[in-house]
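Novice: Right, I'll just put the structure down here and ask away after.
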């Protein structure tokens, strides 16, 4: 795995925005700029009421240390492969990279999301009513994925019968 999907495609972006998981549940966001863009930013161009708060920055530091120490970036392709293998019998199509996965299914996603939630699974819909959006955490292990796949199987089979 890589820190950014752009690395996998050899793309050097001018800007990357980060949020949510960067602080492991603490509200935080960050913008990474290329040197070219950074050279254009002047002192005072951007301000924030909460920018640089010690609690948020401590959360970011702890998150980044854990990602590095636990080699969590290497988990993303493993999680993708494990989930796509587990869902293969029930999915019409799957696409994605790492921990961002789209699963096309026969029933409308809206018909299975409530039942998945009742089984402890959080998933999302998409603009396509038959594509479910999955964003598992980097700490998901094989046991978590097996539990998810079993809940998915039960719910999809129930809707299709």
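The values are calculated or read from the model by the stated rules, or taken from the named source; none is laboratory data. What you are looking at is a predicted structure, and each value in this text was computed from that prediction instead of being measured. All Cβ positions, even for glycine, are placed from backbone atoms using ideal geometry, and neighbour counts span all protein chains on display.
Novice: Considering only segment 2-17, state which residues are surrounded by 12 or more Cβ atoms within 10 Å (Cβ to Cβ), over 17 Å from residue 40 (Cβ atoms) and in contact with a helix residue (DSSP H, G or I) (Cβ under 9 Å, 6 or more places away or on another chain).
Specialist: Quick first cut of segment 2-17, residues surrounded by 12 or more Cβ atoms within 10 Å (Cβ to Cβ) only: 2-8, 13, 16.
The next check asks that each one be over 17 Å from residue 40 (Cβ atoms); those that pass are 2-8.
Passing the criteria: 2, 3.
Novice: Then there's this: Can you tell me how many residues in segment 1-27 are part of a loop (DSSP other than H, G, I, E, B) and under 14 Å from residue 99 (Cβ atoms)?
Specialist: Going through segment 1-27, the residues part of a loop (DSSP other than H, G, I, E, B) turn out to be 1-4, 9-14, 24-27.
Among the residues that remain, those that are also under 14 Å from residue 99 (Cβ atoms) are: 1-4.
The qualifying residues number 4.
Novice: Hey, which of the helices (runs of 4 or more DSSP H) in segment 43-118, taking only ones fully inside, have at least 2 residues that are outside the structural domain of residue 132 (by TED's automatic domain parsing) and without any contact (Cβ under 8 Å) to a residue 24 or more places away in the chain?
Specialist: Values: elements: 54-69, 75-87, 109-118.
It comes to 54-69.
Novice: I need the full set of residues from segment 120-138 which are out of contact with any helix residue (DSSP H, G or I) (no Cβ under 8 Å at 6 or more places or on another chain), within 15 Å of residue 152 (Cα to Cα) and assigned to a loop (DSSP other than H, G, I, E, B), in order please.
Specialist: Selection gives 135 alone.
Novice: Would it be correct to say that residue 78 is surrounded by 10 or more Cβ atoms within 10 Å (Cβ to Cβ) and touching a strand residue (DSSP E or B) at 6+ places or on another chain (Cβ under 7 Å)? Let's see the steps before the verdict.
Specialist: Working: surrounded by 10 or more Cβ atoms within 10 Å (Cβ to Cβ): yes; touching a strand residue (DSSP E or B) at 6+ places or on another chain (Cβ under 7 Å): no.
So residue 78 fails the test.
Conditions (1) touching a helix residue (DSSP H, G or I) at 6+ places or on another chain (Cβ under 7 Å); (2) surrounded by 14 or more Cβ atoms within 10 Å (Cβ to Cβ), marked per residue:
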residue	(1), (2)
111	yes, yes
114	no, no
118	no, no
140	yes, yes
143	no, no
148	no, yes
152	yes, yes
156	yes, yes
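Novice: Further question on the same structure: Right, residue 85: over 15 Å from residue 98 (Cα atoms) and either at pLDDT 90 or above or surrounded by fewer than 11 Cβ atoms within 10 Å (Cβ to Cβ) (or both) or not?
Specialist: No, not satisfied.
Novice: Which of the residues spanning segment 27-57 are more than 29 Å from the chain's Cα centre (by Cα) and on the phi > 0 side of the Ramachandran plot?
Specialist: Hit for segment 27-57 is 44, nothing else.
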